[in-house]
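Here is the structure we will look at.
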Amino acid sequence: MSFDAHSFIEKSILKIRQEIGSRKAIMAVSGGVDSSVAAVLASRALGGSIRCVFVDTGLMRKDEAAKVKAAMKKAKVSLAVVDAARIFFSALKGEEEPESKRKIIGEKFIRVFESEAKKWGASYLVQGTIAPDWIESGGGSRDRIKSHHNVGGLPEKMRMKLCEPLRDLYKHEVRIVARALKLPFDIAERQPFPGPGLAVRIVGEITPEKAAIVREACAIVEEELESAAHDGKIDMPWQYFAALLPTKTVGVRGDERSYQYTVVVRSVRSLDGMTANFSHISPEVLQKISTRITNEIRSVGRVLYDITNKPPATVELE
Ligand code: XMP
């Protein structure tokens with residue numbers, strides 16, 4: 001049976017109303033298609049009793065806060081931006097282990113929301129969790145692959161109740177709902193962005209300097225691959241970004257030896273993120289990306305292209 005977006009929208013609006021009733025809720029909006037769709041559904045269901053918040057963790061994409069705010073305004077969802085970068089960077093200081101980093105981020109997210117919720121008087125937290133998020137976080141007989149931050153990273157004693165209207169959907173179904181809701185193209189068709197943000201693209205310890213490098217590198221990869229797809233040079237990948245390795249490598253800048261960061265470019269084809277194949281990108285496009293990254297980010301001296309499928313790799317590096 002094919003997925004009926006309009007019936008899903010009607011049912012989930014009713015379900016959210018039944019679940020939350022006249023109580024107040026807070027909603028985490030990241031700007032990705034999942035949380036944006038959940039925000040529109042919850043806003044339609046609850047009207048003025050939901051407060052949508054964008055938490056700027058310092059690990060978001062370039063110009064994200066402004067872009068998300070504008071897109072939500074178009075969808076008639078009012079959005080408050082909370083600058084929490086300092087909280088996240090200081091909590092992550094010195095931590096290298098991927099699962100611990102995810103847990104810290106999940107926990108801080110919840111604490112920031114709890115504090116916003118307290119101000120707002122909310123007892124519910126609405127999240128854009130989709131099926132692969134909780135399937136991969138382990139449950140029943142499944143192995144935990146990684147703790148997606150909106151599932152495995154939740155602290156045990158969370159003080160708010162959770163409402164997850166998209167829990168049973170896969171990404172392509174969320175996009176169908178986004179189109180049915182008439183969300184702007186750059187939200188409905190936007191590539192997935194992980195809950196922990198750029199953190200899962202920084203292998204090892206996270207610092208504001210590394211976040212700035214990976215943010216700029218991601219913006220370059222997005223611009224170049226979108227433009228190559230627009231010009232018909234490549235098929236539009238499902239997800240495409242840059243990641244930063246913890247190892248520096250030797251190179252040459254001008255006449256001098258350099259010892260600088262290594263960036264990995266990752267671009268994959270996938271249906272739902274559960275499996276993925278690396279994209280076949282032409283050498284000319286890759287060369288342009290590499291040249292731009294090493295020219296525009298002076299602390300990066302080497303660019304690699306990831307040619308691993310999922311499995312055995314995952315899409316993100318952590
Ligand atoms: P992986 O790296 O697990 O990624 O192969 C599969 C898809 O999920 C995204 N991803 C996440 N999404 N919270 C999310 O909401 C997370 O913690 C998370 N980790 C990975 C990833 O970007 C890809 O689209």
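The values are calculated or read from the model by the stated rules, or taken from the named source; none is laboratory data. Just so it is clear, the structure is predicted and the values come from calculations on it, not from any experiment. Note: ideal-geometry Cβ built from the backbone for every residue, glycine included; neighbour counts use all protein chains shown. The area values use the complete protein model at the heavy-atom level, side chains included, leaving out ligands, DNA and RNA. Shrake-Rupley method; radii C 1.70, N 1.55, O 1.52, S 1.80 Å.
In the stretch 174-197, the residues that are more than 9 Å from residue 5 (Cβ to Cβ) reach residues that are more than 16 Å from the ligand (Cβ to nearest atom) and modelled with pLDDT of 90 or more with C-beta atoms within less than 8 angstrom, at least six apart or across chains, in these pairs: 183/40; 188/179. Per the conditions (1) under 26 Å from the mean Cα position of the chain (by Cα); (2) surrounded by fewer than 23 Cβ atoms within 10 Å (Cβ to Cβ), the sole criterion not satisfied by residue 23 is (1). Being open to solvent by 10 Å² or more (accessible area, probe 1.4 Å) and under 30 Å from residue 205 (Cβ atoms): is that true of residue 89 here? So residue 89 passes the test. Of all residues in the stretch 92-103, those being free of Cβ contacts under 8 Å to residues at least 24 places away in the same chain and open to solvent by less than 50 Å² (accessible area, probe 1.4 Å) number 1. Checked against the criterion of being within 14 Å of the ligand (Cβ to nearest atom) and under 16 Å from the mean Cα position of the chain (by Cα), the stretch 64-76 contains not a single residue that satisfies it. Please state which one of 185, 241 is among the aromatic types (Phe, Trp, Tyr) and at pLDDT below 95. After applying the criteria, what remains is 185. Scanning the stretch 259-318 for residues that are open to solvent by 60 Å² or more (accessible area, probe 1.4 Å) and assigned to a loop (DSSP other than H, G, I, E, B), we see that the one that is farthest from the ligand (Cβ to nearest atom) is 298. Contact map, the stretch 222-251: first residue under 20 Å from residue 186 (Cβ atoms) and in a strand (DSSP E or B), second residue modelled with pLDDT under 95 and within 15 Å of the ligand (Cβ to nearest atom), Cβ cut-off under 6 Å, separation 6 or more or different chains; pairs are 239/191; 239/192. Looking at the stretch 189-215, which of the residues that are surrounded by 19 or more Cβ atoms within 10 Å (Cβ to Cβ) and away from the ligand (no atom under 16 Å from the Cβ) is nearest to the chain's Cα centre (by Cα)? Only one residue tops the list, namely 211. Report yes if residue 14 is open to solvent by 20 Å² or more (accessible area, probe 1.4 Å) and of a type outside the set (Phe, Trp, Tyr), otherwise no. Criteria met by residue 14.
The set of residues from the stretch 50-68 being touching a Gly at 6+ places or on another chain (Cβ under 9 Å) and either on the phi < 0 side of the Ramachandran plot or at pLDDT below 90 (or both) comprises 54, 57, 59, 60, 61, 64, 65, 67, 68. Restricting attention to the stretch 26-54, the residues that are crowded, with 22+ Cβ neighbours inside 10 Å, more than 16 Å from the ligand (Cβ to nearest atom) and under 17 Å from residue 8 (Cβ atoms) total 5. Among helices (runs of 4 or more DSSP H) entirely within the stretch 82-137, having at least 2 residues that are modelled with pLDDT under 95 singles out 98-120, 131-136. Quick check: is even one residue across the stretch 110-125 surrounded by 18 or more Cβ atoms within 10 Å (Cβ to Cβ) and touching a Gly at 6+ places or on another chain (Cβ under 9 Å)? The answer is yes; a qualifying residue exists. Contact map, the stretch 105-118: first residue at positive phi, second residue among the charged types (D, E, K, R), Cβ cut-off under 8 Å, separation 6 or more or different chains; the map is empty. Determine, yes or no, whether residue 172 is open to solvent by 20 Å² or more (accessible area, probe 1.4 Å), modelled with pLDDT of 85 or more, under 18 Å from residue 275 (Cα atoms) and within 15 Å of the ligand (Cβ to nearest atom). Taking the combined requirement at face value, the residue satisfies it.
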